1. Once the other residues with Cβ under 13 Å from the Cβ of THR129 are scored (Lys, Arg +1; Asp, Glu -1), what is the net sum?
2. Tell me the relative contact order for the chain as a rounded percent, counting alpha carbon contacts under 8 Å between residues six or more apart.
3. Grab the beta carbon distance between LYS56 and ASP164, set R0 = 41 Å, and tell me the FRET efficiency rounded to 0.05.
4. For the range 156-251, which whole percent of the accessible surface, found with a 1.4 angstrom probe, sits on carbon and sulfur atoms?
5. So how many Å³ per residue does the convex hull of the Cα atoms of the chain work out to?
6. Highest first, please rank the peptides 50-63, 70-83, 191-204 by the mean number of other Cβ atoms sitting within 10 Å of their residues.
7. Compute the length gained on full extension between GLU238 and SER224: take 0.36 nm times their separation in residues and subtract their Cα-Cα distance, giving the result in nm to one decimal.
8. Please list, in chain and number order, the residues 5+ apart from LEU43 or on another chain whose amide H is under 5 Å from its amide H, with Hs placed from the backbone.
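The values are calculated or read from the model by the stated rules, or taken from the named source; none is laboratory data. What you see is a predicted model, and the numbers here were worked out from it, not measured in a lab. Cβ sites come from the backbone with ideal geometry, for glycine too, and all protein chains shown count toward neighbours. Ligands, DNA and RNA are stripped out before the accessible areas are found, and what is left, the full protein with its side chains, is counted by its heavy atoms. Shrake-Rupley method; radii C 1.70, N 1.55, O 1.52, S 1.80 Å.
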Amino acid sequence: MRRGSRNIVDRVDWSVNEGERWVILGPNGAGKTSLIQLAGARLFPTVGTATILGEKVGKANAAELHPLIGLASSALDARIPGSEHLHDVVRTGAYGVTAHWREQYDEEDDQRARGLLATMGVGELADRTFASISSGEKKRVGIARALMPDPEILLLDEPASGLDLGGREELMGSLRTLSSDPAAPSMILVTHHVEEIPAGFTHVLLMKDGSVLDSGEIDDVLTSENLSECFGIKLGVEKTGDRYTARATLN
Ligand SMILES: Nc1ncnc2c1ncn2[C@@H]1O[C@H](COP(=O)(O)OP(=O)(O)OP(=O)(O)O)[C@@H](O)[C@H]1O
Ligand SMILES: [Mg+2]
């Protein structure tokens, strides 16, 4: 992907197979959001090709692909009118629109929206407005919304940013539960922090300066050496159970 004189996503050769759950990890400006937008057919390659669910991505088929690819990001949240009730915020996800207008919903859509809000732990907020809920609650509603069309692929751009420790850990639990459901979509999650990788995620793509530093199975790629190179500071990574932590090392 070229913007101005820069390649913001450069020479990326990456395949995600059904059932895999990937984390895209890297520092600010690495190109993570650009790449996940490409994976969601929201942006297109300047050179090269992206094939999603068997379709070569281009402007012509983007609208058909969108309902198959759920996307949750704060950029999307920012487009939701504050006066919208959460129930509608989630229901409109079925159509990929951000505000209720004249779409028709049936009883099944209503139940699905309420069920997804409950699954994400915010079921009791269904009648509140989007402006009235906290940033952590918005993250959960955004994921419920992304799941509304029953997508084949779920893309989450920094789902845990801005959450407090309890909120983050609750979200990690929800994503773990979701990923252990055999009917769950394939998932790709963007983050800056190894602590925000939910248990059950299988692969990592490390990005730096628009390129892939390394990618593959999580335990092979998430090494202290790789992470130090990625973030440009000497880091040690530790695994406890199915979760990771990283911190600067002194030598
Ligand atoms: N439309 C654009 N025009 C010019 N530069 C762009 C454009 N979109 C993104 N960039 C640049 O491309 C680089 C990658 O941006 P991107 O948003 O993909 O990074 P990121 O890894 O998601 O960063 P962060 O962790 O801060 O969210 C950044 O340097 C950004 O300024
Ligand atoms: Mg980003």
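1. -2
2. Relative contact order comes out at 25 percent.
3. 0.45
4. Of the solvent-accessible surface of the range 156-251, carbon and sulfur hold 48 percent.
5. Details: hull volume 34.3 nm³, N = 251.
So the per-residue hull volume is 137 Å³.
6. Final packing ranking: 191-204, 70-83, 50-63.
7. 4.2 nm
8. LEU38
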